[in-house]
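First up is the structure itself, then whatever we jot down about it.
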Amino acid sequence: MPKDLIDLASLGAAGIERILERARELRQLPRAERERLCAGRELVHLFLEPSTRTRISFELAARRVGARVIDFDGDASSLRKGESLSDTIRTIEAMEVDGFVLRHGEDDMPRQVAEIAAGAVINAGAGTTAHPTQGLLDRLTLEEELGDLAGRRIAIVGDVRHSRVAASDVVALSLAGAQVHLVAPPELQRESVPDGVERGAELDPLLPELDAIVMLRIQRERIREEVSLDLDGFVERYQLHAERLGRMPDGAVVLHPGPMNRGVEISDAVADGPRSRIHDQVRHGVEVRAAVLEHCLDGPR
Ligand code: ASP
């Protein structure tokens, strides 16, 4: 049976651990064996919002487990002729595909598509609520670096309100027992958070206690309400630059899901410096997505 991946809360603590364990195992598997895992499976990529990393990462992950990808170009499709997304999904389903990888601006769209589609539906980032594979790859990156995350202090800093990465990281890291702090000015802070997650507006007092920091860009395309943002004030209070990084413990590491706005939430020196794990995140993204595809696609055809 194909399985969906809509959000991490539904996957649960045990499901998350299984996928991360499998992602690590796949590293050791001989290529020919790996490419048999989902051999003959056919996936349709529906990226209806811009994406660089996630799209290429899913494409590479599919190749690594032997699945084929058909890339749907929304701008050149019947969506532009007024066809609804549900009719598009039903049409593609009738061609007997095994699954969809969906990126969409609306929070609930992956769940709605999963209700229509018989094949697997994998959320590759939706609205402001969930980016499950980013949560998984961030947790894998931090576990590789810090080991067991129980009791570790991790800050997620910047526009947490509009960030689906923050939403999925909170679930992935809290379930690992980490103490997560969401740090943002009030206008970019989340209105509610799961029990145990701390919220605050001050970054500086936290720095000496942090094991890791995840920096987020300001998601301008998602800011719909009247947010009056003082950009200079944001840079002044939150930008992670060398001097702030110097106030963190020696082993602390820096993550960023990309795309970065250099000079805003992160400085060049930090982004390209020795404590940055940004390229590890990208590498782990392919590993985690290969494990997700294996989990969701239910073996070779
Ligand atoms: N690439 C991530 C996302 O799709 C982060 C971002 O866009 O800021 O949510």
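Could you figure out which of (1) within 16 Å of the ligand (Cβ to nearest atom); (2) part of a helix (DSSP H, G or I); (3) within 21 Å of Glu106 (Cβ to Cβ); (4) not basic (Lys, Arg) isn't true of Glu59?
Only one criterion in (1) within 16 Å of the ligand (Cβ to nearest atom); (2) part of a helix (DSSP H, G or I); (3) within 21 Å of Glu106 (Cβ to Cβ); (4) not basic (Lys, Arg) is unmet by Glu59, namely (3).
What are the residues in the range 207-238 that are within 16 Å of the ligand (Cβ to nearest atom) and within 28 Å of Gly151 (Cβ to Cβ), if any?
Scanning the range 207-238 gives Ile213, Val214, Met215, Leu216, Tyr238.
Among the residues of the range 213-260, how many are farther than 17 Å from Pro186 by Cβ, acidic (Asp, Glu) and assigned to a loop (DSSP other than H, G, I, E, B)?
1
Restricted to the range 109-147, and to residues that are more than 16 Å from the ligand (Cβ to nearest atom) and part of a loop (DSSP other than H, G, I, E, B), which residue is surrounded by the fewest Cβ atoms within 10 Å (Cβ to Cβ)?
Filtering the range 109-147 down to residues more than 16 Å from the ligand (Cβ to nearest atom) leaves 111-121, 140, 142-147.
Going one step further and asking which of them are part of a loop (DSSP other than H, G, I, E, B), we end up with 117-119, 147.
Working: Ala117: 21, Ala118: 13, Gly119: 24, Gly147: 9.
Out of the qualifying residues, it is Gly147.
Of everything in the range 267-298, what is modelled with pLDDT of 95 or more and over 19 Å from the mean Cα position of the chain (by Cα)? Give them in sequence order.
Within the range 267-298, Ser267, Asp268, Ala269, Val270, Asp272, Gly273, Pro274, Arg275, Leu297 meet the criteria.
Among the residues of the range 34-45, is any within 26 Å of Glu106 (Cα to Cα), in contact (Cβ under 8 Å) with a residue 12 or more places away in the chain and within 16 Å of the ligand (Cβ to nearest atom)? Write out each step before concluding.
Taking the range 34-45 as the starting set, the residues that turn out to be within 26 Å of Glu106 (Cα to Cα) are 42-45.
Still in the running and in contact (Cβ under 8 Å) with a residue 12 or more places away in the chain: 42-45.
Next, only the ones that are within 16 Å of the ligand (Cβ to nearest atom) stay: 45.
Yes: the range 34-45 contains one or more residues that are within 26 Å of Glu106 (Cα to Cα), in contact (Cβ under 8 Å) with a residue 12 or more places away in the chain and within 16 Å of the ligand (Cβ to nearest atom).
Met95 fails exactly one of the following numbered conditions: (1) loosely packed, with under 14 Cβ neighbours inside 10 Å; (2) in a strand (DSSP E or B). What is the number of that condition?
Condition (2) is where Met95 drops out.
Evaluate the following for Glu106: is it outside any loop (DSSP other than H, G, I, E, B) and either closer than 30 Å to Ala176 by Cα or at pLDDT 95 or above (or both)?
Values: outside any loop (DSSP other than H, G, I, E, B): no; either closer than 30 Å to Ala176 by Cα or at pLDDT 95 or above (or both): yes.
Taking the combined requirement at face value, the residue does not satisfy it.
Quick check: is even one residue across the range 263-270 surrounded by fewer than 16 Cβ atoms within 10 Å (Cβ to Cβ) and touching a helix residue (DSSP H, G or I) at 6+ places or on another chain (Cβ under 6 Å)?
Yes; the residues of the range 263-270 include at least one that is surrounded by fewer than 16 Cβ atoms within 10 Å (Cβ to Cβ) and touching a helix residue (DSSP H, G or I) at 6+ places or on another chain (Cβ under 6 Å).
All but one of (1) free of Cβ contacts under 8 Å to residues at least 12 places away in the same chain; (2) out of contact with any Lys or Arg (no Cβ under 9 Å at 6 or more places or on another chain) hold for Ile218, so report the exception by its number.
With (1) free of Cβ contacts under 8 Å to residues at least 12 places away in the same chain; (2) out of contact with any Lys or Arg (no Cβ under 9 Å at 6 or more places or on another chain) applied to Ile218, the lone miss is (1).
Kindly provide the set of residues from the range 30-43 that are surrounded by 16 or more Cβ atoms within 10 Å (Cβ to Cβ) and more than 19 Å from Pro132 (Cα to Cα), ordered by number.
Arg34, Glu35, Leu37, Cys38, Arg41, Glu42
Regarding Gly200, is this residue under 21 Å from the mean Cα position of the chain (by Cα) and either away from the ligand (no atom under 16 Å from the Cβ) or at pLDDT 95 or above (or both)?
Here the answer is no, as Gly200 does not meet what is asked.
When both residues are 6+ apart or on different chains and their Cβ atoms are under 7 Å apart, which pairs have a first residue that lies in the range 182-198 and is within 19 Å of Leu8 (Cβ to Cβ), and a second that is part of a loop (DSSP other than H, G, I, E, B)?
Listed by first residue and then by second, the contacts come to Leu182/Val160; Leu182/Gln189; Leu182/Arg190; Leu182/Val193; Leu182/Val197; Arg190/Val160; Arg190/Arg161.
So which residues in the range 98-108 are among the hydrophobic types (A, V, I, L, M, F, W, C) and either surrounded by fewer than 23 Cβ atoms within 10 Å (Cβ to Cβ) or within 16 Å of the ligand (Cβ to nearest atom) (or both), if there are any at all? Walk me through it before giving the result.
Narrowing the range 98-108 to residues among the hydrophobic types (A, V, I, L, M, F, W, C): 100-102.
Correct list: Val101, Leu102.
The values are calculated or read from the model by the stated rules, or taken from the named source; none is laboratory data. Please read all numbers here as calculations on a predicted model, not as lab measurements. Here the Cβ is made from the backbone with ideal geometry for all residues, glycine too, and neighbour counts use every protein chain on show.
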